[in-house]
């Protein structure tokens, strides 16, 4: 028998899925882990990793895009200057549980490196007001609690290829 928290996580995913069923999730977030043959990103040849969409997996196995919204002026003020106008808040996302949630590796891909190669993490977002192929984003923060996690992304101004 699981804890109250473990029992509650699938219910949170079901509730969070309502906005997707209503068509209110208009942004999509993708992450890609690229490996460079040089000692840092941009040096040498790149081996692109798979592009993976960030989704909440529901208890029934279905998936829904994560919720994305632009930060508010209250978010900017409360951040003490960390966030700025045009940043995006991604989430809430349910932590992983048996059969669902968003895995830690999706939120914080490990940019492992060796002396002869480097890994870069590329975040891309598609949606209203962004280029058709998407915009390259920079992860500026991550927040997590027992019931949810959030990513904060900033538009770099670069278009996705």
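What follows is calculated from the coordinates using simple rules that are stated; it is not laboratory data. Predicted, not measured: the structure shown is a model, and the values here were computed from it. FYI the Cβ positions are ideal-geometry reconstructions off the backbone, even for glycines, and counts take in every protein chain you see.
Below, the figures for the structure above:
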quantity: Potential extension, residue 62-residue 43 segment - 0.36 nm per residue separation minus Cα distance; calculated: 2.9 nm
quantity: Gyration tensor (alpha-carbon) shape descriptor, segment 25-88, a/c threshold 1.5; calculated: oblate
quantity: Simple spin-label estimate for residue 32 and residue 7 in nanometres, 7 Å along Cα-Cβ; calculated: 4.5
quantity: Taking 26, 102 and counting other C-beta atoms within 10 Å, the order from fewest to most; calculated: 26, 102
quantity: Point-to-point label distance, residue 143-residue 159, nm (Cα→Cβ direction, 7 Å offset); calculated: 3.3
